[in-house]
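Structure, as C-alpha cells:
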Amino acid sequence: MAELAVDKHVKYILSVEKNKDSFESVVMDHLRMNGAYWGLTALDLLGKLDSVNVDEVISWILKCQHESGGFSGNIGHDPHILYTLSAVQVLALFNKLDVLDIDKLDITGLQNEDGSFSGDMWGEVDTRFSYIAICCLSILCCLNKINVEKAVSYILSCKNLDGGFGCTPGGESHAGQIFCCVGALALTGSLHYVDKDLLGWWLCERQVKSGGLNGRPEKLPDVCYSWWVLSSLIMIDRVHWIDKEKLVKFILDCQDVENGGISDRPDDAVDVYHTYFGVAGLSLLNYPGLKAIDPAYALPVDVVNRIFFSG
Amino acid sequence: MHGRPRKTPKPEEEAASVAKAQKLRALQTQFFSFHHNKIFVAESMKRSEQDELKYTEDMIYKNFSNYSAWHNRSVLLSALFEKKAEGFLSKEKVLPEEYEFIHQAIFTDPDDQSGWFYHLWLLDQTVTTDSPLLASSWPGHGYDVLLVEDRCYNGSAFSPFTALHSDSGSFPIVLYFNQPVGGVSSSTVTVECGFNKNEDLLWKPLSASNSQTARVWVAHLKIPSSDLHSTVEVSVGHSKGIISTRGFEYSHPSMFSFKVHVQPMERDFSQVSVAESISLREENFKIYGAQSEESIINSFNQLSIENGHESTASNWRSEALAKEIECFRELLSLMDCKIGKLTLARLLMAYDVMSYPFANKLVHSEEVLELYSDMMKLDPTHYQYYKDEHSMVLLQKVTSSKESLLQHCFQYKDSVSSAICGPICLRLNNLSLSRMGAFEKLLWVQMLDLSDNELQSIEGLEAMQLLSCLSLRNNKLRSLTALEPLRKLKLLRVLDISYNQIGDHSIDTTRYLCSSPLSHSVGSESTKDETVTRDVALIDNWEAFYIFKDFNLNQLDIVGNTIADEKFKSVLVKIMPKLKQLDGKLLG
C-alpha cells in the first residue's frame, strides 16, 4: 500500500499559503480564514506547525475581526460565524486564546428564541451554526453564555427517522450535518439523545465498495466524508462497524504523490480542504506518525486537553 | 458536492454511473417540468400533508432510488400519525400499504439503499408500542430477598439468586422499561413498606450522563434495622407523569411485591472476609446444582408483571410481521442479498419477541444467528456490525430459557475459605461476544464472568446494579473511558480488566460517552477541590481520575494493558485510597 507522503503534503500546504496569485488562492480569497484553519491544523497533525510564523498569522487574524466582534474570511470581507470558529480554532492551535476579547464576541446574540442559531446578521438558520456557536464558546470556556438546553432541543428537533440530522426540522440527513449535530450534542454531554445503533448503521453504510465514504445513500465517495462520517462514528463508539483498512487505502489513493495534497477522489485535482480532511481522517484511523485529533472539537487532542485539563 | 476538474474516472465506477445516469435521464425529461409545476402549486396553494404524501408517491414511482422522497414520506407520515389526521388514525390500516409500496423499491433493486432505512422505520413503527412498558425489575415479583450486611453468608436457607450482600446500609430497586422514559419519581412510583417512607425515595435515571431520561431507573431502600421480615409493594404508573422520550404516557399501571429478610452481621465472618481475595478462575467454580432450580424459576418470574393488555391488541402487528417474513423469504429464494438477510433477521427477532413476550421463547434464534454469520461473509466491510448483532442475539438465546441459562450458572467456591459458599456466578466467558446485551434478564446477577471474549464496549452494563464482582479479563476494551457504565455500579468491589488493549490506541472512541469537562457533564468545581489532584497531573491522567474516583473497589486487576505501568498504578492507588489489592498484590 502507498504511504502518506508527509513531506510533500507539508510543502503543498505551505505553497498554497505563499502563492497568492494561484487560481486556488483567488477563488478561496473570501474564505481564507477557513483555509488557514484547514492548512494549519493539517500541519500540526503532520507535526510541522513550527514551520509557520506565528506572529504573522495572529496579527492577520486580528485584522479580520470586526467592530461587531465577529470575524470575516479575509481582511475587508463581511463577518460570519463560520470564520469566527476558524479564527478561534487557529488561536487555540497556537495557544494564543488570550489575545481575544471574549466579551466582544457576540455569539449569544445569534441565538434565536427557539434555540437555533443564525450565521450572521442576515439570519440564515442551520444546525451547522448551532455546532459552531457551541464549539466556539466551549473552547473559550464560556458555554454558559447561551441557553444550552434550548440549543440542544432545537438540534433534537432536526433528528430524522433514519437516526440522522438535517439542517432544519424535517431536513434530510446528510453526513456533514450529522457531524455538526452529533458534535454539538457531544460537547454538551447530550449524546444519550442519539439513537447510536440506528445512526451507526446509517453511517457505516456510507462506506462504498472502493472503501471511501459518501455523505448520503447512493452518492459518490469523497475524502471529506472521512472526517464527517468517521468523527461521528467515533463520537458514538461505532467506528468498528466500517472497514478501516479499506478507508485508509482510499484516502492514500487520493494523494498527489508528486506535488503533494489530497483530492476528493482518486485522480482529481487536490486542494487544501481535502488535504486537511484526508490527514484528519487518517489521524482518526490511528495512522502511524500523525498526532491524534479530537472528533468533536476538530483540533489536535493535545490542544483540547491543554484547554480543559491544565492549570 | 464539489464540481471540479477530473482526470480519469475508474472504469467500474464510470460504468455504474453511466447506467444510473441513463436511467435517470429517461425519467428526468418526463418530470422535470412536472416537478417545477408542483413546486409552483405548493408555494401558491399551501398543499395539505395528504397532498404532499401523494406527491412523494408520484416521485417514488418515477424513480425508486430517491432517498429524499422516502425521507419526506417518513416525515409526512409521522406528522399525520401524530395529528391523528383522517385516514391516519390507526397504523393498522396505513402500515400494510406502506410495506407493499416499499417492497416495490427494495425488490426492484435490493442493493439500492434508498428504501432500506424507510423499511427499518416501518418495522420500528410496527413493533414499538406507543406507550412505554415495564420490561423487568429487581427484585422481581414474588422474590424473597435475603439481605446480609457482610459478604459471607450462607445462601442455602433462601434462594441464592436473591441473597444480597450490602455494606452500604441500603439495597436497590431497579425498574427496566422497554424504552427510555422520564418522570420516574416518588409520585409516579409508590413503594410501600414498613421501613422506608415512599416520599424519601430518590429515583435516579441510569444513563451514561447527566440526563433526566433512561431505560433503567434505580432507588435505594435503607435496610431495616429492627424489622427483620417485611413485604415491599411497588406500584408503577398509577398516577400520571412517566413519559417516554417519544412523548407517550406510561398507561399500563403495574404492581409487584417481594419480601425482605435481614440477616444481621456476624462478627466472626466479617474478619475473615477483609483479607480474602476473589479469583474467578476455573478451579473456583462448580456447576450450579440442580437442587436449587426453583430459585432460577424465581428469576424468570420477574418478567411476569401483569402485562396481559398488549398481547390481544397487537394481533395486526404480528400479522404484519409474519407477512413481511414471508415476503423476504421469497426475495432470498430468488437472490442472495445482504439487505434481504439483514431484514429477515430483524423481522424474525421482532416476531419472536412480540409473539412470546413473557414466555421467553425464541423459536427463530438459530436461524437468525446463521443469517448473521452469512452476512459476515457476504459483506465483510461491515463484519463487526453483524458480529455485534450476532452477540446480542446469542445473549438473548442464552437467557431465554431456564435450561440454557443454568448451563452458565456456577457456584463460586473461594479457595481461601472453602467452607463458605459464595453466590452464583454467571459465566458468559469464551463465547466470542463482541457486545453485551440482554440486560433486562440479568438484573439479578452479582458475579459476572465475561472473560475471554472480544468485548470492545460494555454499554448498558450500568443496568446490572447488583454486580459486586466482574471479570472482563482478556477482552478488547481500548480505553479507560469505556468503563464509564461501571461508575454507576455502587456495589462493585472486585474488577478484573487485565489483558485488554487499554492504552494501545491514540483515538478514544468513548471520549465523549464519559462524563468529563470536555462535554461539560461534570462541573469544574469537582476537580478543583479534590485533594487527589494535587498529587496527580490531571492532564496526563484525566480519564483515570474521572472514571475511578467514584469507584469503591477492593480489588483491581489491570495487568496486561499498555497503560498499566508502575507509574500509572501509583496514580490509581492515589485516586482509590480504599483499594486493598492491585494485580494480586496487597496494598499496605
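The values are calculated or read from the model by the stated rules, or taken from the named source; none is laboratory data. For clarity, every value in this text was computed on a predicted model and none was experimentally measured. In this analysis, Cβ positions are derived from the backbone assuming ideal geometry, glycine residues included, and neighbour counts consider all displayed protein chains.
On the basis of being modelled with pLDDT of 90 or more and assigned to a helix (DSSP H, G or I), does A:Leu31 make the cut? Considered against the rule, which asks whether it is modelled with pLDDT of 90 or more and assigned to a helix (DSSP H, G or I), A:Leu31 comes out as no.
Within segment B:504-522, take every residue that is within 7 Å of chain A (Cβ to nearest Cβ) and within 15 Å of A:Leu290 (Cα to Cα) and give me the one that is surrounded by the fewest Cβ atoms within 10 Å (Cβ to Cβ). Looking at the filtered set, the residue picked out is B:His505. Considering every residue within segment B:447-462, establish whether at least one is at pLDDT below 95, crowded, with 21+ Cβ neighbours inside 10 Å, more than 18 Å from the chain's Cα centre (by Cα) and not small (Gly, Ala, Ser). There is at least one residue in segment B:447-462 that is at pLDDT below 95, crowded, with 21+ Cβ neighbours inside 10 Å, more than 18 Å from the chain's Cα centre (by Cα) and not small (Gly, Ala, Ser). In segment B:163-188, how many are more than 23 Å from the chain's Cα centre (by Cα), under 26 Å from B:Leu442 (Cβ atoms) and modelled with pLDDT of 90 or more? Of the residues in segment B:163-188, 1 are more than 23 Å from the chain's Cα centre (by Cα), under 26 Å from B:Leu442 (Cβ atoms) and modelled with pLDDT of 90 or more. From the set of residues in segment A:142-181 that are more than 9 Å from every other protein chain (Cβ to nearest Cβ), touching a Lys or Arg at 6+ places or on another chain (Cβ under 8 Å) and within 24 Å of B:Leu76 (Cα to Cα), which is surrounded by the fewest Cβ atoms within 10 Å (Cβ to Cβ)? Looking at the filtered set, the residue picked out is A:His174.
Looking for whichever is buried (at least 24 other Cβ atoms within 10 Å of the Cβ) and of a type in the set (Asp, Glu) here; the options are A:Asp268, A:Asp264. Which one fits?
The match here is A:Asp264.
One residue alone among A:Ile132, A:Ile102 is in contact with a Leu (Cβ under 8 Å, 6 or more places away or on another chain), at negative phi and modelled with pLDDT of 95 or more, and that residue is A:Ile132. So if I check each of A:Ile155, A:Ile146, A:Ile132, which one is within 16 Å of the chain's Cα centre (by Cα) and of a type in the set (Val, Ile, Thr)? Exactly one of A:Ile155, A:Ile146, A:Ile132 is within 16 Å of the chain's Cα centre (by Cα) and of a type in the set (Val, Ile, Thr), namely A:Ile132. Only one entry in A:Leu203, A:Leu199, A:Leu220 is under 30 Å from A:Val270 (Cβ atoms), more than 9 Å from every other protein chain (Cβ to nearest Cβ) and either of a type in the set (A, V, I, L, M, F, W, C) or under 15 Å from the mean Cα position of the chain (by Cα) (or both), namely A:Leu203.
Filtering B:Arg493, B:Arg534, B:Arg487, B:Arg511 for residues that are basic (Lys, Arg) and at pLDDT 95 or above leaves a single hit, B:Arg511.
Checking each residue in segment A:293-311 for being touching a Gly at 6+ places or on another chain (Cβ under 9 Å) and facing chain B (nearest Cβ under 7 Å) picks out only A:Ala296. Residues of segment A:123-169 that are part of a helix (DSSP H, G or I), over 24 Å from A:Asp78 (Cα atoms) and among the hydrophobic types (A, V, I, L, M, F, W, C): A:Leu143, A:Val148, A:Ala151, A:Val152, A:Ile155, A:Leu156. Considering the conditions (1) under 30 Å from A:Leu31 (Cα atoms); (2) more than 7 Å from chain B (Cβ to nearest Cβ); (3) not aliphatic (A, V, I, L, M), A:Lys209 is excluded by exactly one of them, (1).
Looking only at segment B:438-453, how many residues end up being part of a loop (DSSP other than H, G, I, E, B) and more than 24 Å from B:Leu553 (Cα to Cα)? So the answer is 1.
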